[in-house]
Amino acid sequence: MRSNLSIPVVDFKDYMPDSEFIIMSSESCNIPHHATVPHRIAGYKVSLLLEGKMSINVDFIQHDVVAPAILFLSPQQVSQLTGHENIKSIHFAFSKDYMLNDVRNTLSCWECMFNQIVIPVTSNKDLNQLKTYATLIQQEFTQLRHQKDLVIRNLLNAFLITAARLGTCETKLTVMNSAQNKILQQFKLLVDDNFLDKTQVTEYADMIYITPGHLNDTIKSITGKTAKQIIDQKRITEAKRLLFWGELSVKQIASHLNFEDDAYFNRFFKKHTGQPPALFQRNSL
């Protein structure tokens, strides 16, 4: 586990340095310590809760989850397991790039699916299908076999598509093959990686090799938001995480987010949330 300012970051590569994917099981008797304190994960994590119930706080929202259910965590999100009872889970963790050319180009609802955090599994048929994929992935992961990684990717792809069918995204399953969707995916990935240093639409347009106007029109036509709104929302979300979970002052957070000074940060935060950051922090205690 490493530190990201005052919020620890859990990276499974610390345990398996050469792996882009890991699968593990957990029960109430062997919950890892890092799960019970506020932390981020370095990549994506998908958990299939098979038995029991749990409470988990993800980005300021408490989720009370009863098995069977699927839980999704994305990079940069901050989570904390706050309670559990007789749980039994299977967890998949993988790097940001592991599924980039598979599911992320197959499901337009990838981001929507992960934003749901929790998807209940309401039928035995769906649960059995998910458990079958999970069992096959576990078996493949523990054996040294030819094309092992390719088999795991395909099985994980099938697991995630099955999970997406159970969600409530309006888009559901659609093929991600249009030029517009490609631009959206590039933009979102670039914002995720660069929002601390790059805050202007022109900077992202240059990296994608299109004009700022074309980028903005494309993003707005798909999401209903301008490119600048998405960049600003990313910065606000990160500010909220640090104010809620961290131990930094408003001045330190303003500096981390590369605002000119804390006064500008105060105005920016209040404009987007309706309250100054110090008040948000006090209300979070």
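The values are calculated or read from the model by the stated rules, or taken from the named source; none is laboratory data. Here the structure is a predicted model, which is why all the values come from computation and not from measurement. Counting neighbours? That spans all protein chains shown, and the Cβs are built from the backbone with ideal geometry, glycine included.
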Notebook entry, point to check: in contact with an Asp or Glu (Cβ under 8 Å, 6 or more places away or on another chain) and small (Gly, Ala, Ser) - does that describe any residue in the stretch 234-254?
Noted result: yes
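Select, from Leu155, Leu257, Leu189, Leu160, the only residue that is closer than 30 Å to Pro120 by Cβ and modelled with pLDDT of 90 or more. I'd like the intermediate steps shown before the answer.
Values: Leu257 fails: closer than 30 Å to Pro120 by Cβ; Leu189 fails: modelled with pLDDT of 90 or more; Leu160 fails: modelled with pLDDT of 90 or more.
After applying the criteria, what remains is Leu155.
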Checklist line | Whichever residue in the stretch 39-83 is among the acidic types (Asp, Glu) and part of a strand (DSSP E or B) and, among such residues, is farthest from Gln281 (Cα to Cα) | finding: Glu51
Notebook entry, point to check: For the stretch 39-55, what are the residues that are without any contact (Cβ under 8 Å) to a residue 60 or more places away in the chain and not hydroxyl-bearing (Ser, Thr, Tyr)?
Noted result: His39, Arg40, Ile41, Ala42, Gly43, Lys45, Leu49, Glu51, Gly52, Lys53, Met54
Next item on the list: Find all pairs meeting these conditions: Cβ atoms under 8 angstrom apart; at least six residues apart or on different chains; first residue within the stretch 19-38 and within 21 Å of Asn86 (Cβ to Cβ) and in the same structural domain as Gln80 (by TED's automatic domain parsing); second residue of a type in the set (Gly, Ala, Ser) and surrounded by fewer than 15 Cβ atoms within 10 Å (Cβ to Cβ).
Entry: none
Item checked: Which listed residue, of Glu203, Glu238, Glu260, is under 25 Å from Gly274 (Cα atoms) and surrounded by fewer than 16 Cβ atoms within 10 Å (Cβ to Cβ) -> Glu260
